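A.B. asks: Supplied in C-alpha cells, the structure appears directly below.
What follows is calculated from the coordinates using simple rules that are stated; it is not laboratory data. Everything quoted here is computed from the prediction, not taken from an experiment. Here the Cβ is made from the backbone with ideal geometry for all residues, glycine too, and neighbour counts use every protein chain on show.
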Amino acid sequence: MNAPPDTAGPTDATLLARFRAGDAAALDPLFARYEEPVFRFLFGVLRDHHAAEDALQETFVLALRKADAVTPETFRGWLFTVAYRQAMLLKRKAKRLPAQADDLALVGLVGDEPADARAGVTDDARQVRALLDLLPAPQRAVIAARVFDGLTFREVAAVLGCPLNTALARMHDGLRKLRELWEARHA
C-alpha cells in the first residue's frame, strides 16, 4: 500500500520519513502523486466538480496536520479514507442547504464538464459516467474507488468503512445494474 508501482521517485515511506525529519517540502511530491487519484475518487463520490475540489483541499489540510502520525505503509489507504470522510461531511452539509445546490445547478455552476475536459473522456466513457449517476451511492462509490482509482477491494472496504464482503457485493450488484442500464440504452 505504498506508492503506486508505476510511480517514479521516492516511496511514500521515504517522503514521510523526510517530513518527520523536518523536511516540510517532502510532502509536496507526495501530495502531487495523489492529487489526481484522490480528486477522481472524490468526484466519483460527490458527482460535483467544485465539491470534489473542496473535499480535496480539506483532505490535504488534514493530511498535513496528521502526516507525522500516519503509518507509512498505509498512507495511501489512510488518505483515501480521509477523503471519503470529507466527502461525507460535505454531503451532510449539502443536505442542510439544498436550495443553494439547486441554485448552483440552475446557473450551470455544477456539473462534470471540467472533470471531463481534464480526463479527456470519450463518448462511451461519458455515457458510462452518466449511467453511474443512476446507481445508488454505495455502489457508485465502490465502482469509482476500484475502477477509476485502482484501489484494492481491501482498500475500498477500509475507505468506505464496510466489510470486505459488502464492498464485493456492492461492486457485483453495481456492475450488474450498470450492464442492465447499458443494454437498455443500446438495445
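A.B. asks: Ranking Asp12, Asp68 by Cβ neighbours within 10 Å, fewest first, what do you get?
C.D. replies: Ranking Asp12, Asp68 by Cβ neighbours within 10 Å, fewest first, gives Asp68, Asp12.
A.B. asks: Now for a different question. Treat the count of other C-beta atoms within 10 Å as a stand-in for reagent exposure and order Val142, Val61 from fewest to most.
C.D. replies: In increasing order of surrounding Cβ atoms, one gets Val61, Val142.
A.B. asks: For a protection proxy built on the mean count of beta-carbon atoms within 10 angstrom, sort 27-37, 173-183 highest first, please.
C.D. replies: 27-37, 173-183
A.B. asks: Most exposed first by the Cβ proxy, i.e. fewest other Cβ within 10 Å, how do Thr59, Thr81 rank?
C.D. replies: So the ranking, lowest neighbour count to highest, is Thr81, Thr59.
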